[in-house]
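The values are calculated or read from the model by the stated rules, or taken from the named source; none is laboratory data. Since this is a predicted model, take the numbers as computed values, not measurements. Methodologically, a virtual Cβ is constructed for each residue, glycine included, from the backbone with ideal geometry; neighbour enumeration extends over all protein chains shown. For accessibility, only protein heavy atoms count, side chains too; no ligands or nucleic acids. Shrake-Rupley method; radii C 1.70, N 1.55, O 1.52, S 1.80 Å.
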Amino acid sequence: MANILRSSLISIAATGASLAAGFVSNIIASRMLGPSGAGLIAFSLWAATSASAVADLGLPQTMLRNAGAASGPGDAWKGLVHSALRTFLLSVMLVGAGMLGYAAWLGRHEDGGAWRWAVTAALFVAYALSAFSTAVARGRGRFGQTAVSTAIGGALQVPLVLIGAWFWGAAGALIGHVARYLPQALRLRGYFRHPARPLTPEMRSYAGNMWLSDLVENMILSRIEFLFLGIFFASTQIGYFASGLALAGLVEQIMLQISPALIVGFADAHSRGDMKSLQTSYSRVMRMVSLIIFPVTFGGAAIIPALLPLVFGEPFIPAIPAAVILMATVGAAALAVIPWGLISAASQSQQILRIQIFSGFLTIILLLAIVPWAGLEGAACSRAGVSLLTLAILLYIAARHIGIATPWAALIRTMIAGGLCAAAAAIPVMMIPPIPAIAVGVIAGALVYIFAIRLLRLVDPDDAGLLLAAVEGKLPGPAKRIAASLSAFIAPR
């Protein structure tokens, strides 16, 4: 459990800077280009990540799971990476050529869009290579390497988005997003120096299942609302929806960064057949994550009416209702990462695939039925409903097929505490101007939540001690004392 927590904290710390850079980049593009330009950028980002899902053939997930101890002794893992990388690069080149061909066709038949699609193709290549490289590094436990690459990419992203948007609009802003993924992508160069080692049939089967699962996840479950809003409305509506997702997506992205550490840690316990340790780790991760997720999502939904126009500008006020729905329910998608990681670690990729296909089919049906008449709010409600149902199914499979129970009592008490936090944060938002309302709301919500944690006994002393031990070595002296005092208050012995 300590290794899982340590690796998770490294991933969170590393990507904190990246998420901040991405959020600032969204703000810059939104304020410089307006809802329509922001919508074009959001659609291009979705297109690039979807193309990556088509091209990756499930190989990054396979390397994440098998490049570690499962690959054998010595440098055997490098042979597996070489073999997978050859196939991966061929697929990436084919998909990239198709995207460039489409950009060339636009250049011959339409006035605009060609350069944006050409940069989108470059973004796809950078993102795909970075995803493969990151999977290998994390499979080997090199979370520090990905941390450095992520921080460098984030530092490049913001100024390049600003410069690109200023001179070349949406296409220029995308150049900054390309730079974000280059540092980690360039780390792939050394893997061709070792003899290729063919993937086993079991690895190929796993890759196939994860490929289909990722196709559904990235093309349908991630941002397919952009496609429907673009078809039935315009890029402006995509921009509105993207602004709401930018806030809610921060929560989900942090959890996605934890998932590789969860898979590696859960897989180790499962391979040893240590179900007691697996249950303990799963329950503890679920409790600790929910302690962070619920106040952030519920409290965030309470202050969004003041926060969103302040961040993205007055033109984005129509996005507020959808943004509130997205933030209030993103906790379901975030928590789903934990049972997903457990099921994946237990080699139940078939179950993951079935869930993804069902969720993708349901998403398309709901969007077709709701978006034409309910617009933004309908798209947000569709996402919320699918997220809640998917979480319920994942928790059921974890209990039924793996034998790992969900700590329901702790989750319900934490939801109550999160609701109290949101109520405290909402009062100033409704009564005073936006800037002081946000500050007062955050402070009031945090104080109420801390007292709720103590009163509802949400943290036991062992969990508090484990978390404190994981972070105190990275804190300066005064912060250590504050952390120790807070730990003693919320989890008295």
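Considering the conditions (1) touching a residue at least 12 places away in the same chain (Cβ under 8 Å); (2) open to solvent by 60 Å² or more (accessible area, probe 1.4 Å), Tyr396 is excluded by exactly one of them, (1).
Looking across region 269-313 at every residue that is more than 26 Å from Ala444 (Cβ to Cβ) and among the charged types (D, E, K, R), the one that is most open to solvent (accessible area, probe 1.4 Å) is identified as Lys276. Please tell me if Arg197 is farther than 30 Å from Gln351 by Cα, modelled with pLDDT under 80 and more than 23 Å from the chain's Cα centre (by Cα). Criteria not met by Arg197. All told, Gly96 meets the bar of being modelled with pLDDT of 95 or more and either open to solvent by less than 30 Å² (accessible area, probe 1.4 Å) or in a helix (DSSP H, G or I) (or both).
Looking for something open to solvent by 60 Å² or more (accessible area, probe 1.4 Å), in a helix (DSSP H, G or I), modelled with pLDDT under 85 and closer than 30 Å to Gly139 by Cα - is there at least one such residue anywhere in region 336-349? So far as region 336-349 goes, no, none of its residues is open to solvent by 60 Å² or more (accessible area, probe 1.4 Å), in a helix (DSSP H, G or I), modelled with pLDDT under 85 and closer than 30 Å to Gly139 by Cα. Considering only residues in region 419-439 that are of a type outside the set (Val, Ile, Thr) and over 22 Å from Ala452 (Cα atoms), the one that is farthest from the chain's Cα centre (by Cα) turns out to be Met431.
Taking the criterion of being under 20 Å from Thr49 (Cα atoms) and not hydrophobic (A, V, I, L, M, F, W, C), the residues of region 139-175 that qualify are Thr146, Ser149, Thr150, Gly153, Gly154, Gln157, Gly172.
Does Ser213 satisfy the criteria of being open to solvent by 10 Å² or more (accessible area, probe 1.4 Å) and at pLDDT below 90? Judged against the criteria, Ser213 is not a match. When Thr62, Thr15 are checked against the criterion of being at pLDDT below 90 and touching a Ser or Thr at 6+ places or on another chain (Cβ under 6 Å), Thr15 stands alone in meeting it. Taken over region 222-245, the criterion of being open to solvent by 30 Å² or more (accessible area, probe 1.4 Å), hydrophobic (A, V, I, L, M, F, W, C) and assigned to a helix (DSSP H, G or I) is satisfied by Leu227, Ile231, Phe232.
Looking across region 149-192 at every residue that is at pLDDT below 85 and either under 21 Å from Gly113 (Cα atoms) or out of contact with any helix residue (DSSP H, G or I) (no Cβ under 8 Å at 6 or more places or on another chain) (or both), the one that is least open to solvent (accessible area, probe 1.4 Å) is identified as Gly190. Per the listing Ala334, Ala306, the residue uniquely closer than 23 Å to Leu221 by Cβ and out of contact with any strand residue (DSSP E or B) (no Cβ under 9 Å at 6 or more places or on another chain) is Ala334.
Would you say Trp115 is at pLDDT 90 or above and out of contact with any helix residue (DSSP H, G or I) (no Cβ under 7 Å at 6 or more places or on another chain)? No: the conditions fail for Trp115. Within region 400-429, the set of residues being free of Cβ contacts under 8 Å to residues at least 24 places away in the same chain and open to solvent by less than 50 Å² (accessible area, probe 1.4 Å) comprises just one member, Pro428. Can we say Leu326 is in a helix (DSSP H, G or I), open to solvent by less than 10 Å² (accessible area, probe 1.4 Å) and within 30 Å of Gly230 (Cβ to Cβ)? Yes: the conditions hold for Leu326. Just one residue in the set Leu366, Leu376 is touching a residue at least 60 places away in the same chain (Cβ under 8 Å) and under 30 Å from Ser50 (Cβ atoms); that residue is Leu376.
As a summary of the residue check, Leu90 satisfies the conditions (1) assigned to a helix (DSSP H, G or I); (2) touching a residue at least 60 places away in the same chain (Cβ under 8 Å) except for the one numbered (2).
Taken over region 95-123, the criterion of being within 27 Å of the chain's Cα centre (by Cα) and under 30 Å from Asn66 (Cα atoms) is satisfied by Val95, Gly96, Ala121, Ala122, Leu123.
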